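Notes follow the structure.
What follows is calculated from the coordinates using simple rules that are stated; it is not laboratory data. Since the model is a prediction, treat every value here as computed from it, not as a measurement. Because the Cβ atoms are built from the backbone with ideal geometry, glycine has one as well, and the counts that use them run over all protein chains shown.
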Amino acid sequence: MGSNISGSAYALTILSPIRNGVVPGQEIAFADKVRDTLQNWNLLINSPMTKVPQTYLCRYFVLDDVYTQSLPGGSALDTLIDFLPIVPDSLRKWAMPTEDHLQSRYLVFSCNFHGGPNGDVDGYLQGMWNAISSNIREVWGYCYGFEKVHDAASFATYMKQCQLTASLFFVGSNDEPLPEQLKALYLKQEFARFAVANQGLDAATVRANYLAFSQRVKPTDLNGPTWVPGQYRL
Amino acid sequence: MTKQLDLLDIQGNVIRAYGRFGYPVARYVFLNIRNAARARTFVGKLTKKVTTATQWGDGIGQVKKPVWTVNVAFTYQGLKELEVPRESLMNFAPEFAAGMKARRDILGDDGPSAPELWDPIWQENRETRDKDVHIFVSLNASAPGWPANGRDLIETSYEQLELAWQWLKDIVAQHGGGVVILGGNVGDNGALLDYQDCKVVMEQGKPTAKEHFGYTDGIGDPVFEGVPYDTDRVNGRGKQLENQQWAPLATGEFLLGHIDEAKEYPPAPNPVLLSRNGTYMIYRKLHENVATFDAYLDEHGSKYPGGKELLAAKFVGRWRDNGAPLVKAPDAASKAVFDKQLAVADKEGQDELLCNFTYDADMSGAKCPFSAHIRRINPRASLQMISEPGDPPGSLKNSVGAFDTPGALTNRRRVLRRGLPYGDVKDRTRDDGNHGIIIMMLNSDINRQFEFVQQQWINYGNDFKAGNDKEILLGNHSVDDRFPSKAVLQVEPTGNDTPYILSKIPRLVETRGGDYFFVPSLTALRMIAKGLIDPT
């Protein structure tokens, strides 16, 4: 079991290199177009990712380059050289770390989903394709190798080739399947309202009200009433 | 490894001086925002047409060279009106927030250069909200078909510029009063125009890179890392290394979000996508007093031992006719040799002759004076000068090894220069015509780069061991009897000549307006247009 599985939660990290090039008829690089498309999702009522079953949380971004933290080196050799003014500048500079850059720009997709105890990546990715294949084409269409993707199975294969098996977990989610979590959030919110509305009433009234409450919210029915995926406000 | 810039994300005017790429005319337009949401839609529409820094070509998958270009920038007020979040605004440089007018004391904009005398658009800017300059749009036009069409270059390119202007006016009109074009740019005969027009100075039907005093402008514009079409222009324009070689300056000196000469990222607002690949622009309208210049040059030219043209060259550090640097051609005889070399050199060879020099053999300023324009704007490695006991009076030499690199005192003060001359000189005996230059300087840190050069190197001379002598051409000179401006033209310390003192230098160039702008990347423009800037 990989470090990217925690209980039933799976941390999926995908880095897809974006091709160099210009969108025909527009003065915009492929990578900038990908970012623009993703940013347009902010203007929708909700993200297309809410249609993808079992998605806890996810994040997309375009990685332009690596960021340099600092250059002056921290190795023992550097320190020694700094203390010895006799060492020529050229040697001192030679000991400095070099500046690195990425060879390409990347689309990064970082996602936590309910994958069950065995981390069913294929099932999740195929579900993603079946739910939002047109959005996927729009976003991944400018990435290297995506031309081989034509159905749910080939999408899953492509994504696994781009996978980085790192454990990037978001905080704020437990192991349960998404419908369970959404129902739990709904119940928590409704119960808080119930408590406020019934404060100070006599026991018999509270009991009667609770019975009605329980029938209305149907605590064991995952189909509803419940929160919809992507709901983040009360 | 070699750095690759995302040229499609960088605005074209940051990387290209359009004048040098076949765009002889330009129109600069300033707008005021009246409705934030509609202004953002306007910016979105504009962004689709903005010219990037990409390499042009006619092949498949390449971007064709546009007939006319569009670029856009914002003042601090503009970003605020577009509702960029407060937390992002707070991280912009304080001098950018304050604006050029508020920095008058640092910039030396006094006397005839005072903001009270600027063009109305700039006088009224930052006084009342509805007159504030918020958005800058620049349109540069080329001349398709010229010279084969047998017509005038300026006329041909103005036809295209008119199309660009019409396009801009149309989209302003489509946005229902969301933005308005500000008037108040002074044109010919004091006319107030809705734009600032610029064009190259023509000589015998051919375009030149000259301004109205007759000097060639922009020869030594800096070259920095990551610009593919500047790789053969590094010598003399990048930074000087210990081994006598040149290297491109660090990208971060001119573009935010990249490592600068201090090996760190220049201060910039969050989020990174708002600032990365963007830069600050200093827009300045500089009026040229041609009559005063000619009269002063004539007066001293008749007395100066080297004659009038050499004196004119001493003002700037380059000869007026072909830009020959004084360091290489310090007198008439050496100039004749230089001219012969220049005449037979290919393009690259010409570039080497004009640009690839140092002040190592002119540390005492005998060839290129300490107050000459090019030595003040870019002292190269000449600032670490010392004199030791026993040296001849007036003699200075390079303090080798004083710093890590020869350009240590210069590399962080470089500024990209864009822009074009404006107006025509119809009567050289008068100062009050409509003629000067629009200069647009680009850098990552307005205070460290542009303002420092303006305050310390143009309007003061201490770093050059020249006391308070100002730069000869651009200095805010005064002929006031109490504090008359002067500059010293040095001579070889061991020779028999005496230094020539330029006394009572009059104000040759006057500021007529300007402000500080932020030039966002294409990504940032798209995000501003959508209202998606999120600093959290």
In straight Cα distance, which lysines are under 17 Å from B:K465, not counting same-chain residues fewer than 8 positions off? B:K367, B:K397, B:K486
Arrange B:K340, B:K80, B:K367 by Cβ neighbour counts within 10 Å, fewest through most, would you? B:K340, B:K80, B:K367
If neighbour count is taken as other Cβ atoms inside 10 Å, put B:D534, B:D404 in order from fewest to most. B:D404, B:D534
So which chymotrypsin sites (Phe, Trp or Tyr not before Pro) in the stretch A:180-234 pass both tests, a DSSP loop state and at most 12 other Cβ atoms within 10 Å of the Cβ? A:Y232
Which lysines, on any chain, are close to A:K51 with Cα under 19 Å apart, when same-chain ones fewer than 8 places away are left out? A:K183
Provide B:S382, B:S334 in ascending order of the number of other Cβ atoms located within 10 Å of each residue's Cβ, fewest first. B:S334, B:S382
Please list, or write none, the lysines whose alpha carbon is within less than 17 Å of the alpha carbon of B:K65, excluding same-chain residues fewer than 8 places away. B:K48, B:K49
Cα principal axis extents for the stretch A:176-234, largest first, Å: 37, 21, 16
Which pairs break 26 Å Cα to Cα here: B:K210/B:K426; B:K80/B:K470; B:K285/B:K470? B:K80/B:K470
